[in-house]
Amino acid sequence: MACIKLKKLEEYLHGLDNFEKPKIKLEQYITPPHIASCVLYNIQTLYGDIEGKYVGDLGCGSGMLSVGSFLLGAGMTTGFEIDEDALDNFHTNITEMELPGLDCVLCDVLTLPDSKKWENAFDTIITNPPFGTKKNSGIDMCFVKTGISLATAAVYSFHKSSTRDYVHKKFKDWGVKGNVVAELKYNIDTSYSFHKNKSVDIDVDFWRCDVSEKNVS
Ligand SMILES: C[S@@+](CC[C@H](N)C(=O)[O-])C[C@H]1O[C@@H](n2cnc3c(N)ncnc32)[C@H](O)[C@@H]1O
């Protein structure tokens with residue numbers, strides 16, 4: 001069950017402000033509202049990982065996944081983001097939509113300040129991390145590793161489908177159960193000048209990692 005209809009959720013997410021001047025090296029592009037609403041809706045209806053839960057969003061940008069989680073009834077949502085301009089957009093979005101209970105922290109997810117404070121603080125972590133295409137290969141799995149230390153129930157993340165075997169191996173190495181729960185065609189409608197085309201399609205996996213037994217050996 002979800003407390004909002006999928007169509008309504010997508011409508012709200014379409015209304016959010018995007019990155020004004022996306023920063024290429026931070027891989028700033030929004031999760032398209034159609035994809036964001038579908039995956040969040042399924043996280044709630046299939047797994048019950050949002051409503052009444054404390055949800056964290058790593059690399060929250062302008063708030064697509066944080067706001068979506070909140071609209072789906074998250075008890076509280078906290079976003080983590082390295083870029084001040086993106087957080088300005090986040091604040092504008094939550095102010096315009098008059099959403100209380102949403103919070104964001106300006107920080108580097110890779111070197112989280114007060115990391116002990118955040119350990120196991122969340123039920124659910126959701127992240128659309130940088131894929132690691134800007135000489136920062138592996139950054140997506142660093143986000144997930146942080147997510148695993150923060151969550152007690154599940155970590156959801158997006159990764160390029162071409163890295164599926166690698167992601168599987170990492171989860172196995174870390175002793176957690178990860179599965180691809182959706183295969184997506186991700187259209188990055190980008191203003192990035194180095195792209196020849198106006199938009200690029202990439203195959204993306206959406207993963208669910210069950211961390212409920214992460215400390216059981
Ligand atoms: C692909 S965008 C996703 C944005 C948003 N979560 C969404 O789904 O629309 C990745 C985000 O991660 C942020 N980011 C990149 N490196 C980061 C880091 N080391 N720590 C925190 N945030 C970071 C970027 O600024 C960007 O907002």
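Summary table below
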quantity: Every residue from segment 41-70 that is in a helix (DSSP H, G or I), in contact with a helix residue (DSSP H, G or I) (Cβ under 6 Å, 6 or more places away or on another chain) and more than 13 Å from the ligand (Cβ to nearest atom); calculated: Tyr41
quantity: Some residue of segment 145-159 being in contact with a helix residue (DSSP H, G or I) (Cβ under 8 Å, 6 or more places away or on another chain), closer than 17 Å to Ile43 by Cβ and part of a helix (DSSP H, G or I); calculated: yes
quantity: Candidates Gln28, Gln44 - the one that is touching a residue at least 40 places away in the same chain (Cβ under 8 Å) and touching a Pro at 6+ places or on another chain (Cβ under 7 Å); calculated: Gln28
quantity: Sole residue being touching a residue at least 12 places away in the same chain (Cβ under 8 Å), crowded, with 17+ Cβ neighbours inside 10 Å and touching a Ser or Thr at 6+ places or on another chain (Cβ under 8 Å), chosen from Val155, Val167, Val176; calculated: Val155
quantity: Within segment 24-40, considering residues that are part of a helix (DSSP H, G or I) and farther than 14 Å from Leu184 by Cβ, the one nearest to the ligand (Cβ to nearest atom); calculated: Leu26
quantity: Output for segment 137-152, where each listed residue is touching a residue at least 60 places away in the same chain (Cβ under 8 Å) and near the ligand (Cβ under 10 Å from one of its atoms); calculated: Phe143, Thr146
quantity: Test for Tyr47: is it within 21 Å of Thr95 (Cα to Cα), more than 12 Å from the chain's Cα centre (by Cα) and hydroxyl-bearing (Ser, Thr, Tyr); calculated: no
quantity: Which numbered condition Cys104 fails, given (1) more than 11 Å from the ligand (Cβ to nearest atom); (2) in contact with a Gly (Cβ under 6 Å, 6 or more places away or on another chain); (3) closer than 19 Å to Leu65 by Cα; calculated: (1)
quantity: Any chance Leu58 is under 15 Å from the mean Cα position of the chain (by Cα) and crowded, with 23+ Cβ neighbours inside 10 Å; calculated: yes
quantity: Matching residues, segment 160-175, being part of a helix (DSSP H, G or I) and closer than 17 Å to Val211 by Cα; calculated: Val167, His168, Lys169, Lys170, Phe171, Lys172, Asp173
quantity: Qualifying residue in segment 78-91 (condition: more than 10 Å from the ligand (Cβ to nearest atom), out of contact with any Leu (no Cβ under 9 Å at 6 or more places or on another chain) and polar (S, T, N, Q)); calculated: no
quantity: Near pairs, Cβ below 6 angstrom, 6+ apart or cross-chain, from segment 60-89 (over 19 Å from Glu11 (Cβ atoms) and aliphatic (A, V, I, L, M)) to any residue that is near the ligand (Cβ under 9 Å from one of its atoms) and part of a loop (DSSP other than H, G, I, E, B); calculated: Ile82/Asp108; Ala86/Gly61; Ala86/Ser62
quantity: Subset of segment 101-132 [part of a loop (DSSP other than H, G, I, E, B) and either surrounded by 22 or more Cβ atoms within 10 Å (Cβ to Cβ) or acidic (Asp, Glu) (or both)]; calculated: Asp108, Asp114, Glu119, Asn128
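No value in this document is a laboratory result; all are computed from the given coordinates. Everything quoted here is computed from the prediction, not taken from an experiment. Reconstructed Cβ throughout: ideal geometry from the backbone, glycine too, with neighbour counts over all protein chains shown.
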